[in-house]
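Read the figures in this text as sums done on the coordinates, not as results from a lab. In this text the structure is predicted, and so the values were computed from the model without any measurement. When we count neighbours, we look across all protein chains shown, and the Cβ atoms used for this are built from the backbone with ideal geometry, even at glycine.
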Amino acid sequence: MKRVYCLLVMLAMFLGVTGYGISHASQPGELKSKIDKLIQSKALKQADVAIEVYSISRGERIYSHNAEKALMPASNMKLLTTATALKQLGAGYSFPTLVAADTGLRQGIVAGNLYIKGFGDPFLVYEEMWKLTHHLAMMGLSEVKGDVVADDSYFDDQRWGADWKISGNRWYEAQIGALSFNFNTIEVNVMPGEASGKPLIAWLNPATSYVKLVNRGSTVAKGNRRPGVDQVLENGQHKIIVSGNMGLSAKTRTAWRTVRNPTLYTATVFRDYLQQEGVKIDGTVRSGKVPTTAHELYTHKSKPLALVIRGLNKMSNNFTAEQILKTIGAEEKGSPGTAEKGLEVVRSFLSTIGVSEQGLRLVDGSGLSRGNRLTPKAIIQVLVYMYNDFSLRPEYLASLAVAGVDGTMGDRLNNSSAKGMLRAKTGRIHGVAALSGYIATKEGEILAFSMLMNNFKTGIENVQKLQDRICLELMNLTSN
């Protein structure tokens with residue numbers, strides 16, 4: 001019996017230190033000393049750190065360190081954008097895309113122009129575009145005598161968030177537009193040819209005439225080089241150039257590149273899909289506005305906002321956040337939707353739930369701008385409000401990444417007791433690591449927490465590991 005007891009004790013000790021080295025339950029006083037010690041580590045030397053932890057179950061603050069200090073939140077800004085959207089637009093809100101014509105549909109023919117007008121749908125992707133164009137074909141549309149005209153006037157013409165540092169190539173800084181397709185990116189696939197010396201095999205998805213693919217790559221017997229995938233604009237033609245070489249045994253490489261003119265890109269893909277449905281288009285693709293005299297043919301509705309923000313927060317999609325911000329502005333303040341109108345609505349929402357604007361600075365909807373400033377206290381107030389409103393809680397919590405399960409938290413805390421018990425929004429830009437959300441302690445107590453860490457000199461992975469250790473300490477909180 002004594003031997004069994006010793007083995008059990010050793011097993012308990014092993015489980016307690018495996019992974020993160022935390023084993024003992026903590027009371028609030030002990031929790032403070034443990035977190036204080038963690039944030040004094042080398043990883044945060046000379047860094048700006050602000051943290052607040054609030055027990056929703058008890059209705060009281062559990063831990064605070066510089067909680068009213070305004071720091072860069074990175075993608076934690078999305079917590080405010082999505083909370084405002086759910087509150088103002090509702091979980092069932094759908095983004096429409098209008099198709100209209102000069103003359104209406106007569107015997108399958110549109111005698112004039114065919115118009116497509118966007119209202120900010122951030123999730124008009126391959127299958128949704130097919131649904132839209134297939135529906136038109138099923139209505140009997142067979143020919144358009146005029147042009148395909150793209151209307152993006154529901155938003156202003158500012159294509160990026162304020163203060164963004166744009167390279168013009170990276171998928172996470174895609175342009176914003178009321179009429180957009182596939183997150184305003186195009187997929188480029190490259191694989192080795194059938195033999196050494198042969199050209200690489202490259203293709204685009206979607207295979208659209210808007211982009212010209214130039215393949216200058218070649219296949220070599222051996223090699224692990226990644227081929228170049230660059231884009232240029234020559235005489236108004238958007239080109240993607242594949243260069244370099246790949247070894248015969250190399251795996252297919254997939255890259256995503258932004259598009260130069262989202263409006264024309266979307267309208268061109270719209271025309272391409274119609275042609276695949278057998279619809280003849282006599283004219284060209286161009287930008288314009290839907291006349292007041294036009295006849296509505298069909299309005300496509302997006303999936304509901306509740307599902308849109310699930311993809312936004314779990315995967316931290318900047319494009320979707322900015323689309324939603326301008327949509328909020330247009331719906332509440334009138335078209336055209338602008339970032340500033342959207343931010344006015346966000347500020348109004350914060351004011352109604354008692355958030356002080358002191359020290360806050362809201363610049364964009366995604367957090368990609370380095371000009372944003374939030375406090376952990378403000379974030380906590382949003383988290384607590386959303387949790388306590390049952391009409392908002394299910395969709396809001398479901399949008400957050402789950403530790404060890406999915407989204408940007410899928411590879412974090414996946415071998416710990418926090419797996420599946422923490423829902424949070426990550427945030428990272430250079431010198432910034434943020435993590436805010438909800439965690440259930442081992443006793444079932446629900447905590448809201450927010451950690452903003454700026455200006456650290458070490459790698460961001462070291463700071464994220466420190467955040468994970470703090471989360472595990474929160475899980476061990478006891479109510480005694």
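Summary table below
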item	result
Calculated on alpha-carbon atoms, Rg and Dmax of the stretch 186-258 in Å	12.1, 37
Theoretical gain in end-to-end length, residue 214 to residue 243 [0.36 nm per residue, Cα-Cα removed]	9.6 nm
Kirkwood hydrodynamic radius of the stretch 58-175, Cα pairs, Å	18.8
10 Å beta-carbon shell around residue 84, net charge (K/R +1, D/E -1)	+1
Nitroxide proxy distance, nm - points 7 Å out along Cα→Cβ at residue 254 and residue 189	0.8
Candidate aspartates and glutamates for bridging to residue 280, where Cα separation is under 20 Å - those fewer than 8 sequence places away on the same chain excluded	102, 143, 147, 272, 296
Excluding exposed DSSP-loop trypsin sites (Lys or Arg not before Pro) (at most 15 other C-beta within 10 Å), longest clean stretch of the chain	290-418
Per principal axis, descending, Cα span of the stretch 67-118 in whole Å	66, 22, 12
Cα centroid separation, the stretch 124-200 to the stretch 56-103 (Å)	26
Per-selection metrics, the chain (Cα): Rg and Dmax in Å	25.8, 92
R0 of 60 Å, Cβ-Cβ distance residue 389-residue 106: FRET efficiency to nearest 0.05	0.75
